[in-house]
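No value in this document is a laboratory result; all are computed from the given coordinates. As the structure is a prediction and not an experimental result, all values here were calculated from the model. Here Cβ is always computed from backbone atoms with ideal geometry, including for glycine, and neighbour counts include all displayed protein chains.
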Amino acid sequence: MGCRSICVRALGNTAMFIGEYSHSLDAKGRLAVPAKFRGDLEKGAVVTRGLDHCLFIYPLKEWGVLAEKLAGLPFSQANSRAFSRLMLAGAMDVQIDKQGRIILPDYLRQYATLKKKVVVAGLYNRLEVWDETAWNTYKSNTESDSNDIAEKLGELGV
């Protein structure tokens, strides 16, 4: 297992997840959560379908914030219903076991096309779990487009 990261606390008690970790899934679909993130997930977490065919893992507190926002979307709009279904219907409560692992349900592993080698990426208030090959392709494409991305974000004030 390789890692490049730190996990720091943002203002207040909100966890801030950052960095990349390489891990392997075992035959039962268990994922060892990076040690620096375990304390923030020990009270429970939710794993769900993410965007770009990865999985999102949220601490319970952060999941509650997101679920409340999703519940507030106008259900009369097709895109709101579709996004809520993607995130909420696919969600599963997970607990970290004594070895620091969580079980990723089969239907979520299939959605993200996870094989044995995966990357756990910290993205502020959530973790993303990617198939290693898909992550490397995504990262390479994003890095080659970084100037264009930065310019577009600059227009938004970032």
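Report the residues of region 88-115 in range of a label on THR137: point 7 Å along Cα→C-beta, backbone N strictly under 14 Å from it. The answer is 112-115.
Neighbour counts of C-beta atoms inside 10 Å place PHE37, PHE75 in the sequence PHE75, PHE37, starting with the fewest.
If you take the beta carbon distance between GLU42 and ALA82 as r and set R0 to 35 Å, what does 1/(1 + (r/R0)^6) give as a FRET efficiency, to the nearest 0.05? Before the final figure, lay out each step's value.
Details: r = 33 Å, r/R0 = 0.94.
Calculated transfer efficiency: 0.60.
For region 126-137, putting each phi into the Karplus relation 6.51 cos²θ - 1.76 cosθ + 1.60 with θ = phi - 60° gives couplings of 8, 10, 10, 10, 10, 4, 4, 5, 4, 4, 5, 5 Hz, in residue order, rounded to whole numbers and with x for Gly and Pro.
Computing FRET efficiency as 1/(1 + (r/R0)^6) for ASN147 and TYR124, where r is the C-beta to C-beta distance and R0 is 25 Å, gives about 0.60.
Once backbone amide H atoms are built at 1.01 Å from N, ASN125 has PHE17 as its partners under 5 Å, excluding neighbours fewer than 5 places away on the same chain. Close amide H pairs (under 5 Å, H built 1.01 Å from N) link VAL33 with ARG101, ILE102, residues at least 5 positions away or on another chain. Residue-wise HN-Hα couplings along region 147-152, as the Karplus relation 6.51 cos²θ - 1.76 cosθ + 1.60 with θ = phi - 60° gives them from phi, are 5, 5, 4, 4, 5, 5 Hz; Gly and Pro carry x. Along region 86-98 the Karplus relation, 6.51 cos²θ - 1.76 cosθ + 1.60 evaluated at θ = phi - 60°, assigns HN-Hα couplings of 4, 7, 7, 5, x, 6, 9, 5, 9, 10, 7, 7, 5 Hz to successive residues, with x for each Gly and Pro. For region 16-131, the Cα-based Rg and Dmax, in that order, read 13.9, 44 Å. Counting charges near HIS53 (Lys, Arg +1; Asp, Glu -1) among other residues having Cβ under 11 Å from its Cβ returns a value of -2.
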